[in-house]
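*Asks:* What follows is a single structure, and I will ask about it in a moment.
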Amino acid sequence: MASEQERAMSNRPGEPDLDAPEAPPDDSHHDEAPLDTLSPEERLFRMRHSAAHVLAEAVLELFPEGKYAIGPPIEHGFYYDFDLPRPLTPEDLERIERRMRRTIKRNVPIEGQWIPRDEAREIFADQPYKLELIDEIDDETVGYFRHAEFDDLCEGGHMERTGQVGAFTLTHVSGAYWRGDERRPMLQRVYGALFPTQEELDAHLAAREEAERRDHRRLGRELDLFSTHEEYGPGLIYWHPKGARVRLEMEDLWRHEHLEAGYELVFTPHTGRATLWEQSGHLDFYAESMYSPMDVDGSDFYMKPMNCPFHIQIYKNALRSYRELPVRLAELGTVYRYERSGTLHGMLRVRGFTQDDAHIICTPDQVEDEIVGVVELFLRVLGAFGFDEVRARLSTRPEEKYVGAVEDWDLAEASLRAALERTALEYEVDEGEGAFYGPKIDFDLVDALGRAWQCSTVQFDFNLPERFEMGYIAEDGQEHRPFMVHRALYGSIERFMGILIEHYAGALPLWLAPVQATVIPIADRHVEYAGTVRDALAARRLRVEVDAGGDRMGAKIRKAQLQKVPYMLVVGDREAEGHAVSLRHRALGDLGPTPLAEAVDRVARERDERSPDPEAEQEA
RNA sequence: GCCGGUGUAGCUCAGAGGUAGAGCAGCUGUUUCGUAAACAGCAGGUCGAGGGUUCGAAUCCCCCCGCCGGCUCCA
C-alpha cells in the first residue's frame, strides 16, 4: 500500500486534449481548426497556450540572452520555463506583464507552419532546449509558430490573434527542473492564471484567497487544534487537547463502524528487526522512504512505514482453516516515512502519521463480497463527515512488471468492478496503472471548494502473501494461498483532519466540534446559573465551557464565533429566573429564549444525528 | 534534495549600521453590561542558530536550521 498519503494537492489537472492536427506533408501552412468550431474547453486551452507564447516573447525581450524551454497551458492558466542570467523578481513580473498587455493590445496575428527540421535547427541554433526538442521529433517537418517578431517551436493549438487570449495575470515564479528531472538544469518557471473573461479570472483569484483563508495550518493554530515543532522534527504533528477531541470522535466512529462490519482490532509494534523488512521486500523497494535504522543489541531495527508485515505475523501465528476466513485485521497504526523536506506540508504531508489500516485475508470466492463490504463501509463513513461526492478510480494490471497469476488479477479486477457497480459509484478506469503487486481502487473525495483529495484506497496484494508464505487449509485438506487486500478509509488521520478543517473552514459539524457549546453569563451574578447550564449539558456528555471572564457579552460572543463554537447559550436575569437560556447558533445567529431542557435536547440531538450545520457554513 | 522567497513579542507586522516598536492576545485593576471588540495600567524579545566585518550589527558578509511557493502538466 504505497500511496495512502498522496500528493498534498492531489487535484488532478484537467489535462485538456491536445488534439494535435496531423501535418499535411505537402502543405507548409499549419492549418488549425477554425475557432468557431471549437468547444469552450479547446478555446480556453488555445487562449492559455497563446498567452504562454506572449509571455515568452516578453521575457526574451527583457533578457535577449535568455533561453526558453517549454510553455504549455495548464489547469488554471499557463506557464513557461526559462533559463535566465538572474532570478526574476516580483518587479520583473510586473514589467513582463506590461509588455504582454502591449502585445495583446497590438492584436497581431499568430501564424503557424510546418518547416523542415534542418531549417528549424538553424532558426533555433542558439536555443539548446529547443534543439533538444527538435531532435526528439520523429517527423521530417516540425511545427513553427510566430507572432510579430517572436517565433517558437510549437505543435499548435492557438488563437488567431494575440488580442484573443482573454483575461490573465501573472501569479508567481518558481524553480522547475528541465523536463522534471532533478539531474537536469533548474529553470525559472513563470506562472499565469488565465480565463476567458475578467469575471472568471476574478472568481478564480477569489477562490484562491478563499483557499488561503481556509488553510488548515492557519486554522489549526487559530483554533488551537495542533502544532508542529520544526526544530524538534519537521513533519511531526502535536495534537492539542482540542484537536485530540476531534481525533477521538473520528477514531470512535471508526472503531464502532469496523467492529460492526466484522473487523478485529489489533495493535502492533512501531518497530521491527531488519529481517522483517528484508522478507517483506521493503528494504529492497522502499528503503528511501524509511527512517534510518537504530541499533538494538547489535541488530538494525526500523520504524515501521507500513503495518502490513505485522498484521501478517498475527495471521500466521496459527494454522488457518478456510472456516476462519475472512480474517479482517484493523489497526490505527502510526507509521513513519521519510518524505523529502521540500514536500512537507502541514498535516497534509508529514513524516509521522496514523494510518487507519486493515488487511482482509480471504478465499477466492469471498473476494467480491469483501470488496463490496469495504466500499459500502467507506461510503457510509465518508458520508457521515459530509463528503457526499466521492469519485473512484480503478487501476488495473500493468502491461509488463507485475507479480502473481493473471487469473488472480482478473478475479481481483472483476471483484473491484463488481463492487463499484453494486454500489452504483461512478468511476473511471486507469488501464495498466495498478501497482506491480495488485489492482486497486482509489477514492477521491470532493471538498466544499470542489477540490478532490485522494484518501481511501482498496488494494489487492499478490506479493506479500507469497513472500511471507501465507496459507490456509481448504476443504480439500490442502494448503492454499489466500487473497490479501489492504485498505484504508481515512488514509492518514492527520491528513484527513487537515482536509476536514479546510472543507469546513474550521466550522466542524457539532458532533466533531472540540467545544460544542459555550455558556455566556452576562454579568458576574449570572456565573452561578451558568454553571447549572453547563452541568445540564455536560450530563448529556456534551463538550461545554463557561466564559466567566470579565468581557462584555458582545466580546464573549465574538470570541465564541471566532472559535467557531456551534452554540452559544447566553444567560442573564431573565434566563436565570425562568430556567432558560438565550440560544445563539454560530451560523443562524440569535434563536431567542429557549427553556434549558429544550436547548439541551436540541444540541444533544444534533450531536447524536451527526447533523451538518443548518445553514451553509461552506459558503465562506 | 534543488530553485526562489522568507524568519523581529503567543499572533499579525513596522524598523534597512547608532543600542528594539505597534495592534491583537496575556496579566492587574475599574466597569456588571442583552447577541461579533468597555476603559486604564503592567508585563512581554539572547531580532531563527553559529561565525565574520565594524568603535558599534535586527540591519552588511559567510554558513547552518526552519518555514512559504514550486520542482507531475512535455514543442
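Values in this text are rule-based calculations from the coordinates and carry no lab data. Just so you know, these numbers come straight off a predicted model, no measurement behind them. Please note: Cβ atoms are built from the backbone with ideal geometry, for glycine as well, and neighbour counts cover all protein chains shown.
*Asks:* How much length would be gained if the chain were fully extended between A:Ile137 and A:Glu264, taking 0.36 nm per residue of separation minus their Cα-Cα distance, in nm to one decimal?
*Replies:* 40.0 nm
*Asks:* For region A:451-514 and region A:140-207, what is the separation of their Cα centres, given in Å?
*Replies:* Here the two parts' Cα centres lie 39 Å apart.
*Asks:* How far is helix A:596-608 tilted off the main Cα axis of chain A, in degrees rounded to 10, range 0 to 90?
*Replies:* 50 degrees
*Asks:* Quick one: which residues, 5 or more positions from A:Val108 or on another chain, have an amide H under 5 Å from its amide H? H modelled 1.01 Å from N in the peptide plane, none for Pro or chain starts.
*Replies:* A:Thr162, A:Gly163
*Asks:* Can I ask one more? On a 0 to 90 degree scale, rounded to 10, what angle separates helix A:241-260 from the longest Cα axis of chain A?
*Replies:* Roughly 80 degrees, rounded to the nearest 10.
*Asks:* What fraction, in whole percent, of alpha-carbon pairs in region A:539-620 exceed 23 Å separation?
*Replies:* Tail of P(r) above 23 Å: 20 percent of Cα pairs.
*Asks:* Using mean Cβ contacts within 10 Å as the protection proxy, how do A:176-183, A:136-143 order, highest first?
*Replies:* Descending packing order for the listed peptides: A:136-143, A:176-183.
*Asks:* Of A:Lys304/A:Lys559; A:Lys304/A:Lys401; A:Lys242/A:Lys440; A:Lys316/A:Lys401; A:Lys67/A:Lys105; A:Lys304/A:Lys564, which ones are farther than 31 Å apart at the Cα?
*Replies:* As for pairs spanning more than 31 Å Cα to Cα, those are A:Lys304/A:Lys559; A:Lys242/A:Lys440; A:Lys304/A:Lys564.
*Asks:* May I pose another question? Using the Karplus equation 6.51 cos²θ - 1.76 cosθ + 1.60 (θ = phi - 60°), what ³J(HN,Hα) coupling, rounded to whole Hz, does each residue of region A:114-130 give in order, writing x for Gly and Pro?
*Replies:* Per-residue couplings from phi come out as 9, 10, x, 4, 4, 5, 4, 4, 6, 4, 9, 4, 9, 10, x, 6, 5 Hz.
*Asks:* Here is a further query. Working out 0.36 nm times the residue gap between A:Val446 and A:Glu400, then minus their Cα-Cα distance, what length gain in nm do you get to one decimal?
*Replies:* Answer, rounded to one decimal: 13.3 nm.
*Asks:* From the helices alone, meaning DSSP H stretches of at least four residues, give me the mean residue ellipticity at 222 nm for chain A, per-run term -39500 (n - 2.57), in deg cm²/dmol to the nearest 500.
*Replies:* Only helices count here, giving -10500 deg cm²/dmol.
*Asks:* With each label point set 7 Å from Cα along the Cα-Cβ vector, what nm distance links A:Lys559 and A:Arg255?
*Replies:* Each label point lies 7 Å from its Cα, and together they span 3.3 nm.
*Asks:* Quote to one decimal, in nm, the extra length available between A:Ala539 and A:Thr197 on full extension: 0.36 nm per residue of separation minus the C-alpha distance between them.
*Replies:* Computed gain between A:Ala539 and A:Thr197 is 117.5 nm.
*Asks:* Now for a separate question. Calculate one ³J(HN,Hα) per residue across region A:325-332 by plugging θ = phi - 60° into the Karplus curve 6.51 cos²θ - 1.76 cosθ + 1.60, and present them in order as whole Hz with x for glycine and proline.
*Replies:* Working through the residues one at a time gives 7, x, 9, 10, 10, 10, 8, 8 Hz.
*Asks:* Under the √(5λ) rule applied to the eigenvalues of the Cα gyration tensor, what semi-axes describe the equivalent ellipsoid of chain A? Give them in Å, descending.
*Replies:* Values for chain A, descending: 49, 38, 22 Å.
*Asks:* So, R0 is 30 Å and r is the distance between the beta-carbons of A:Lys105 and A:Asp126; what FRET efficiency does that work out to, to 0.05?
*Replies:* The value I calculate is 0.55.
*Asks:* Rounded to a whole number of µm²/s, how large is the Stokes-Einstein D of region A:35-211 at 20 °C and 1.002 mPa s, given Rh as the Kirkwood radius over C-alpha pairs?
*Replies:* The estimated diffusion coefficient comes to 129 µm²/s.
*Asks:* Which order do peptides A:258-265, A:566-573, A:229-236 fall in by mean Cβ count within 10 Å, highest first?
*Replies:* Highest mean packing first, the order is A:566-573, A:258-265, A:229-236.
*Asks:* Taking Cα atoms, how many degrees apart are the long axis of helix A:553-562 and the longest axis of chain A, rounded to 10 and kept between 0 and 90?
*Replies:* 50 degrees
*Asks:* Rounded to the nearest 0.05, what FRET efficiency is calculated for A:His480 and A:Ser299 with R0 set to 25 Å and r the Cβ-Cβ distance?
*Replies:* The computed FRET efficiency comes out at 0.15.
*Asks:* Still on this structure: Highest first, please rank the peptides A:494-501, A:157-164 by the mean number of other Cβ atoms sitting within 10 Å of their residues.
*Replies:* Output ranking for A:494-501, A:157-164: A:494-501, A:157-164.
*Asks:* Work out the FRET efficiency for A:Asn317 and A:Arg380 from their Cβ-Cβ distance, taking R0 = 30 Å, and round it to the nearest 0.05.
*Replies:* 0.45
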